[in-house]
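Each remark here refers to the structure printed beneath this line.
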Amino acid sequence: MDPKAFSVGLSLVPGIGPAKFRRLLDALGSPEAVWKARPGHLAEAGIDRRTVESLIGVRSRIDLEREMQRLQRLSVQVITLEDDEYPHPLQNIADPPPVLYVRGKILPSDDLAVAIVGTRKPSIYGRQATELFARGLAENGVTVVSGLARGIDTFAHRAALEAKGRTLAVLGSGLDIIYPGENRKLAAEIAERGALVSEFPLGTKPDGVNFPRRNRIISGLSLASLIVEAGETSGALITAEFALEQGREVFAVPGNIFSPVSRGPNRLISEGAKPICGMEDLLEELKMESTVQQSAARCAIPESDSEAVVLRCLSHEPLHIDEVRRAVCLPISVVSSALTMLELKGLARQVGGMNYVKG
């Protein structure tokens with residue numbers, strides 16, 4: 001059986017979110033061990049009685065092989081937190097989803113992404129602004145992330161696709177239940193030229209409680225979030241809050257002071273969000289010139305053997321340059337030069353104190 005089947009099984013258990021999932025793995029070692037554990041062992045791992053009973057109930061009625069076959073029939077890929085394919089930006093948030101369901105494909109280039117979110121009832125101005133920024137980002141090789149909702153989300157996805165760019169849609173339901181229903185065709189197009197993403201297993205309905213959780217993934221996949229139009233209680237503002245908690249940039253499009261859907265972004269600006277008044281502002285904030293140089297460097301500068309060895313040594317956990325040198329058994333001058341070139345190519349990043357991670 002595919003080892004990922006046990007992660008899928010655990011994702012079906014009500015009450016097991018990212019924190020409990022990680023606690024169980026830390027205590028028992030693997031998703032398979034958790035799935036097969038006796039009730040007493042689960043309780044010893046610090047899991048409450050209700051969740052233990054829920055897990056036992058789910059595993060008694062779920063055929064994991066059949067569930068994996070169902071996913072395969074629907075062309076849904078399972079990506080776990082330990083997989084190389086797991087999106088790097090999302091991996092670095094406080095509570096990354098232990099399991100992602102993906103229809104389509106998430107590419108390494110999608111690490112360069114911006115979320116565009118807003119109201120389900122935009123003004124003409126809001127639609128125009130959304131299409132301008134989504135199209136401009138797509139034309140500059142930036143992936144557009146949104147939530148497939150009516151309004152701003154829909155216009156953002158469509159504009160990115162029309163510009164021949166990539167877009168990711170994060171759902172608050174299982175990937176077999178597209179919500180809203182009128183976006184089924186759009187969802188199919190996104191799956192062909194980007195990806196549909198959810199942390200919720202198949203069959204999960206789009207309940208209201210799912211969408212705040214969904215919003216942390218939208219911001220977590222993105223370097224920055226752009227709020228176009230949003231009322232004072234809009235879910236887009238929840239996305240902005242998550243972005244700030246995750247250490248990501250928050251941008252907002254200034255709006256008409258008399259418009260209810262401008263109150264959200266105008267308030268964000270008053271609280272310190274960066275106002276975006278044109279495509280030039282957005283590209284400048286994203287330092288796109290540096291990004292273009294990195295992309296050119298990836299192609300123009302071939303990897304040497306020393307670069308390849310050093311890159312293999314790096315992970316998403318910070319490693320000091322001295323530890324890198326000891327691991328690869330190369331002179332410090334060679335290691336330093338290799339790290340410099342990898343940084344230029346965007347393949348490595350210094351995170352302070354001569355500590356490095358994969359780019």
Looking at the chain as a GNM with Cα springs under 10 Å, which of Arg61, Arg193, Arg70 has the largest mean-square fluctuation?
Arg61
Using Cα-only point scatterers and the Debye equation, what is log10 of I(q)/I(0) for region 35-105 at each q in 0.13, 0.21, 0.28 Å⁻¹, rounded to two decimals?
-0.56, -1.03, -1.09
Peptides ranked, highest mean first, by Cβ atoms within 10 Å: ranges 223-230, 37-44, 51-58:
223-230, 51-58, 37-44
Extension gain, Ile257 back to Ile177 (0.36 nm per residue minus Cα-Cα distance, nm)
25.1 nm
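How much length is gained if the chain between Asp84 and Ser337 is pulled fully straight, taking 0.36 nm per residue apart and subtracting their Cα-Cα distance, in nm to one decimal?
Values: separation 253, 0.36 × 253 = 91.08 nm, distance 2.57 nm.
Going from the current span to full extension adds 88.5 nm.
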Please report Rg (one decimal) and Dmax (integer) in Å for the Cα set of region 75-212.
14.1, 43
Scalar couplings 3J(HN,Hα) for region 168-180 by Karplus 6.51 cos²θ - 1.76 cosθ + 1.60 (θ = phi - 60°), nearest whole Hz, x for Gly and Pro, are 10, 10, 9, 9, x, 8, x, 6, 8, 10, 7, 10, x
Unit-weight point scatterers at every alpha-carbon of the chain, Debye formula, q = 0.06, 0.09, 0.11 1/Å: log10 I(q)/I(0) is -0.25, -0.56, -0.82
Can you compute 3J(HN,Hα) from phi for each residue in region 108-115, using the Karplus curve 6.51 cos²θ - 1.76 cosθ + 1.60 with θ = phi - 60°, rounded to whole Hz and x for Gly and Pro?
x, 5, 6, 4, 8, 9, 10, 7
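How high is the relative contact order of the chain, in percent, with contacts defined as C-alpha pairs under 8 Å that are six or more residues apart?
Numbers: 644 pairs, mean separation 42.2, N = 359.
For the chain, the relative contact order is 12 percent.
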Taking one equal scatterer on every alpha-carbon of region 1-79, how large is log10 of I(q)/I(0) by Debye at q = 0.11, 0.13 1/Å?
-0.26, -0.37
Sticking with the crude label model, points 7 Å out along Cα→Cβ, report the distance from Ala94 to Val351 in nm, one decimal please.
1.7 nm
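Give me the one-decimal Kirkwood hydrodynamic radius in Å for region 104-286, with the sum taken over alpha-carbon pairs.
Details: mean 1/r = 0.0636 Å⁻¹.
This gives a value of 15.7 Å.
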Report the dimensions of region 1-152 along its three principal axes from the alpha-carbon atoms, largest first, rounded to Å.
58, 28, 27
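Throughout, read-outs are computed from the coordinates displayed, never taken from laboratory work. Computed from a predicted structure; not experimentally measured. Please note: Cβ atoms are built from the backbone with ideal geometry, for glycine as well, and neighbour counts cover all protein chains shown.
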